[in-house]
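Since the structure comes first, as structure tokens, the remarks are kept for the end.
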2 protein chains.
Amino acid sequence: MSGVRAQQKQKTRQALIEAAFNQLSAEHSFSNLSLREVAREAGIAPTSFYRHFKDMNELGLTMVDEAGLTLRQLMRQARRRIASGGSVIITSVETFMEFIDTSSNQFRLLLRERSGTSKAFRAAVAREIKHFILELAHYLESETPCDKQHAYMQAEAMVTLVFNAGAEALDQDAQQRTELTERLIWQLRYIARGANHYGS
Amino acid sequence: MSGVRAQQKQKTRQALIEAAFNQLSAEHSFSNLSLREVAREAGIAPTSFYRHFKDMNELGLTMVDEAGLTLRQLMRQARRRIASGGSVIITSVETFMEFIDTSSNQFRLLLRERSGTSKAFRAAVAREIKHFILELAHYLESETPCDKQHAYMQAEAMVTLVFNAGAEALDQDAQQRTELTERLIWQLRYIARGANHYGS
DNA sequence: TATTTTAGCGTACAAGTGTACGCTGAAATT
DNA sequence: AATTTCAGCGTACACTTGTACGCTAAAATA
């Protein structure tokens, strides 16, 4: 029972999501999107939108989930690179910058909705970020001499810096990005150093 | 030549700015504001808006300037408190949290437009923040054993963390804020420690 | 095969938007 | 006192928006 019909429905649903992501850009945020424009780009009538989502909010939350998923997948891949002998800090930063480069619209969504006008959105993004922090904290706790409390605070600070550097990178050219990344790595070292000092 | 007329003009101009700030909130961002609503709240006809600003963008940039000014004034006051014997980190953080509490809409504007859809806005906010970083870097360079490069990176990291903590605080109650502030202070200590280690 | 379900469409409407244009009365200037 | 300037207003217009409602044809089910 593959369901020719259900299959087609899934397809246009995905078309809506992709249309919405496509319309995100440096000068177009999610709250600027209109249901009609998204439907138009997806190739369906405005009213058909409702066959898939209750409203734009619901679409948006789905998009946040999808962006979070992409990010998590990318980071799992980073962990593999680390396991086969890369520096933790450098590999993680590189992977994150890759995410910003190849999925900038997904990153923009997370970035903006983190401080957007919908509490549900903010909570959803915060959840994705917390995921990240917890994973990193777990790693730091087991691999460095740092107690649980400090490992968490360390991870939180690191993720904040990386995320913010990503935001800045969006507006920069290659040259500036290199400098930014270099600074970021130093800053992460500060935190690692300080946390290990206080947390043991 | 006080100018009864120029005086009145200045007054309604300010009314527009304040009306706009008033309409900002957790669930209403600048890009959601409409010229008509702002004009209505300021008590003038929509078309009169143009006597004061070319468009909403121009209003917004003025607002960013104003928010930046408020922040700078508050921080100058913090420096006075520090000079008369307070801890640098704690006093600064407290002052910043005060800003978020008493001028949350001004903070929201900076926070959101930092990653908003207008390059001019993003640049304006970045400028305000850079101001901050440079001041702190200068202080760190002269008061701690840290070379110029590292003082800057240290300052940048600290401001990023403080600003981000402010953003999180917006959605939190008193209890959570206390915890957040405590974590933040630890994180700033990490950075201070690490920077002093690497930068001397 | 007969019936039900449903993705997608077209029409229609009320509400809100930015802004062009020309007027008015009072302040400023001559 | 005569003239110019200009903040603020009202009208008007062309758009865009979300969404209610009922239809259709094809897939799913009975």
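Would you call B:Arg13 part of a helix (DSSP H, G or I), surrounded by 13 or more Cβ atoms within 10 Å (Cβ to Cβ) and at pLDDT below 95?
Taking the combined requirement at face value, the residue does not satisfy it.
Residues B:Ala6, B:Ala42: which one is of a type in the set (Gly, Ala, Ser), more than 14 Å from every other protein chain (Cβ to nearest Cβ), within 16 Å of DNA strand C (Cβ to nearest atom) and open to solvent by 30 Å² or more (accessible area, probe 1.4 Å)?
Among B:Ala6, B:Ala42, only B:Ala6 is of a type in the set (Gly, Ala, Ser), more than 14 Å from every other protein chain (Cβ to nearest Cβ), within 16 Å of DNA strand C (Cβ to nearest atom) and open to solvent by 30 Å² or more (accessible area, probe 1.4 Å).
How about the range B:163-194: which of its residues are small (Gly, Ala, Ser), away from chain A (no Cβ under 11 Å) and in contact with a helix residue (DSSP H, G or I) (Cβ under 8 Å, 6 or more places away or on another chain)?
Result: B:Ala169, single match.
Since B:Ile133 meets every condition but one in (1) over 14 Å from B:Ala155 (Cβ atoms); (2) in contact (Cβ under 8 Å) with a residue 12 or more places away in the chain; (3) surrounded by 18 or more Cβ atoms within 10 Å (Cβ to Cβ), which condition does it not meet?
In the conditions (1) over 14 Å from B:Ala155 (Cβ atoms); (2) in contact (Cβ under 8 Å) with a residue 12 or more places away in the chain; (3) surrounded by 18 or more Cβ atoms within 10 Å (Cβ to Cβ), B:Ile133 misses (1) alone.
Results for (1) within 14 Å of chain A (Cβ to nearest Cβ); (2) surrounded by fewer than 20 Cβ atoms within 10 Å (Cβ to Cβ); (3) closer than 21 Å to A:Arg122 by Cβ, shown as yes or no for each residue.
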site	(1), (2), (3)
B:Arg79	no, yes, no
B:Ala83	no, yes, no
B:Ile89	yes, yes, no
B:Ser92	no, no, no
B:Leu111	yes, no, yes
B:Phe121	yes, no, yes
B:Ala126	yes, yes, no
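Of all residues in the range A:157-182, count the ones that are free of Cβ contacts under 8 Å to residues at least 12 places away in the same chain and surrounded by fewer than 20 Cβ atoms within 10 Å (Cβ to Cβ).
Within the range A:157-182, residues that are free of Cβ contacts under 8 Å to residues at least 12 places away in the same chain and surrounded by fewer than 20 Cβ atoms within 10 Å (Cβ to Cβ) number 8.
Within the range B:101-110, is there a residue that is within 15 Å of DNA strand C (Cβ to nearest atom) and assigned by TED's automatic domain parsing to the domain that holds B:Arg189?
Scanning the range B:101-110, I find no residue that is within 15 Å of DNA strand C (Cβ to nearest atom) and assigned by TED's automatic domain parsing to the domain that holds B:Arg189, so the answer is no.
Pick out, from the range B:80-168, the helices (runs of 4 or more DSSP H) lying fully within it that include 2 or more residues that are of a type in the set (Phe, Trp, Tyr).
Hits in the range B:80-168: B:88-102, B:119-143.
Could you check A:Arg36 against (1) part of a helix (DSSP H, G or I); (2) among the basic types (Lys, Arg); (3) more than 12 Å from DNA strand C (Cβ to nearest atom) and say which number it fails?
(3)
Looking at the range B:142-154, is at least one residue under 25 Å from A:Glu113 (Cβ atoms), surrounded by 17 or more Cβ atoms within 10 Å (Cβ to Cβ) and among the small types (Gly, Ala, Ser)?
No: the range B:142-154 contains no residue that is under 25 Å from A:Glu113 (Cβ atoms), surrounded by 17 or more Cβ atoms within 10 Å (Cβ to Cβ) and among the small types (Gly, Ala, Ser).
State yes or no: is B:Glu66 part of a helix (DSSP H, G or I), away from DNA strand D (no atom under 16 Å from the Cβ) and more than 14 Å from chain A (Cβ to nearest Cβ)?
Yes.
The values are calculated or read from the model by the stated rules, or taken from the named source; none is laboratory data. As the structure is a computational prediction, the values presented were derived from the model and not from experiment. Positions of Cβ are backbone-derived with ideal geometry, glycine not excepted, and every protein chain shown enters the neighbour counts. Each accessible area value is taken on the protein alone, full model and side chains, heavy atoms only, with ligands, DNA and RNA left out. Shrake-Rupley method; radii C 1.70, N 1.55, O 1.52, S 1.80 Å.
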